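Written below as structure tokens is the structure these notes are about.
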Amino acid sequence: MEYILQPWPWFVSGPIIALIMFSLLYFGRTFGMSSNLRTMCSIGGAGKLVPFFKFDWKSQRWNLVVVFGAIIGGFIAHNFLSNPINIDLSQNTLADLKTLGFNNIGQSLLPPELFSWDAVFSTKGLLILVVGGFLVGFGTRYAGGCTSGHAITGLSSLQLPSLIAVVGFFIGGLIMIHFIYPILF
């Protein structure tokens, strides 16, 4: 049981991911989470209002298993496989987080200053969710896929647009955490 609670080394998880990707490529499938949103909207009838959602969603049913697997796997991991120890952070990180207003640093992966219901339902929280959700959704469609789709499927099939997108994701993340995040919080 201890083996499953610890992070897996690259020589175990890497070949598993490679095997899954080889199987998907062999069967002509691509992995990505954002395409499931289009499928779920089509199932809900959005194709009657917007032509983008008018497609054969039944051919994408297999990919919905990934969504349900992620939900079930996340539930199992959180409730049965979580290691309840404090997170060991460097002194510089602790000092930076304290200046940003975080308390009880390292005791939770989801700090209540960001993830409590009070934070979510505040004006600032709702604004961040709406604007952030729009930007992520727009960016996903504009980039032709999400981070998992480009980084896992696109890079494994040697697609140049996916390499450009992944580099853009990292640059955007660096800009966000170093420049925009301190302004917001």
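Dipole check for segment 1-156: with +1 at the C-beta of Lys and Arg, -1 at the C-beta of Asp and Glu, and the Cα centre as origin, the magnitude is about 820 Debye.
Comparing mean-square fluctuations of 127, 49, 24 from a GNM of the chain with C-alpha springs under 10 Å, the top value falls on 49. At q = 0.19 Å⁻¹, what is the log10 ratio I(q)/I(0) for segment 86-163, with the Debye formula run over Cα points and no solvent? Values returned for q = 0.19 Å⁻¹ are -0.90. When the chymotrypsin sites (Phe, Trp or Tyr not before Pro) in segment 106-184 are filtered for DSSP coil states and for at most 13 other beta-carbon atoms within 10 Å of their beta-carbon, the remaining sites are 121. Rounded to whole numbers, the Karplus 3J(HN,Hα) couplings from phi for segment 168-185 are x, 4, 5, 5, x, x, 5, 4, 4, 6, 8, 10, 7, 4, x, 6, 6, 10 Hz, using 6.51 cos²θ - 1.76 cosθ + 1.60 with θ = phi - 60°, and x at Gly and Pro.
In the complete set of protein chains, residue-level accessible area for residue 131 is approximately 70 Å², probe 1.4 angstrom. The HN-Hα couplings worked out from phi for segment 94-106 by the Karplus form 6.51 cos²θ - 1.76 cosθ + 1.60 (θ = phi - 60°) are 4, 5, 4, 5, 5, 5, 7, x, 8, 10, 6, 5, x Hz, whole numbers, x standing for Gly and Pro. For segment 38-185, evaluate the Debye formula with one uniform point scatterer on each Cα (no solvent term) and list log10 I(q)/I(0) at q = 0.16 Å⁻¹, rounded to two decimals. Debye output, listed in q order: -1.32. Computed with a 1.4 Å probe over protein heavy atoms only, the accessible surface of the chain comes to 75 Å² per residue.
Of the chymotrypsin sites (Phe, Trp or Tyr not before Pro) in segment 1-48, the ones in a loop by DSSP (not H, G, I, E or B) with at most 10 other beta carbons within 10 Å are 27. Sorting 37, 64, 126 on solvent-accessible area from highest to lowest, probe radius 1.4 Å, gives 37, 126, 64.
Between 151, 95, 165, the GNM of the chain built on Cα springs shorter than 10 angstrom shows 95 fluctuating the most. Estimated purely from DSSP H runs of n ≥ 4, each contributing -39500 (n - 2.57), the mean residue ellipticity at 222 nm for the chain is -17500 deg cm²/dmol once divided by its residues. Across the protein chains, with a 1.4 Å probe defining accessible surface, the residues 113, 2 rank 2, 113 from largest area downward.
Nonpolar atom fraction for segment 85-155, defined as the carbon and sulfur part of the 1.4 Å probe accessible area, stands at 66 percent. Rounded to the nearest Hz, the phi-derived 3J(HN,Hα) couplings of segment 30-46 under the Karplus curve 6.51 cos²θ - 1.76 cosθ + 1.60 (θ = phi - 60°) are 10, 9, x, 8, 5, 5, 5, 5, 4, 4, 5, 5, 5, 4, x, x, 5, where x marks glycine and proline. Shape class of segment 116-155 from the Cα gyration tensor (axes a ≥ b ≥ c, square roots of the eigenvalues): oblate, since a/c reaches 1.5 or more and a/b does not exceed b/c.
The values are calculated or read from the model by the stated rules, or taken from the named source; none is laboratory data. Treat the numbers as computed from the prediction; the structure is a model and nothing was measured. Here the Cβ is made from the backbone with ideal geometry for all residues, glycine too, and neighbour counts use every protein chain on show. Keep in mind that these areas ignore ligands, DNA and RNA; they rest on the heavy atoms of the full protein, side chains included. Shrake-Rupley method; radii C 1.70, N 1.55, O 1.52, S 1.80 Å.
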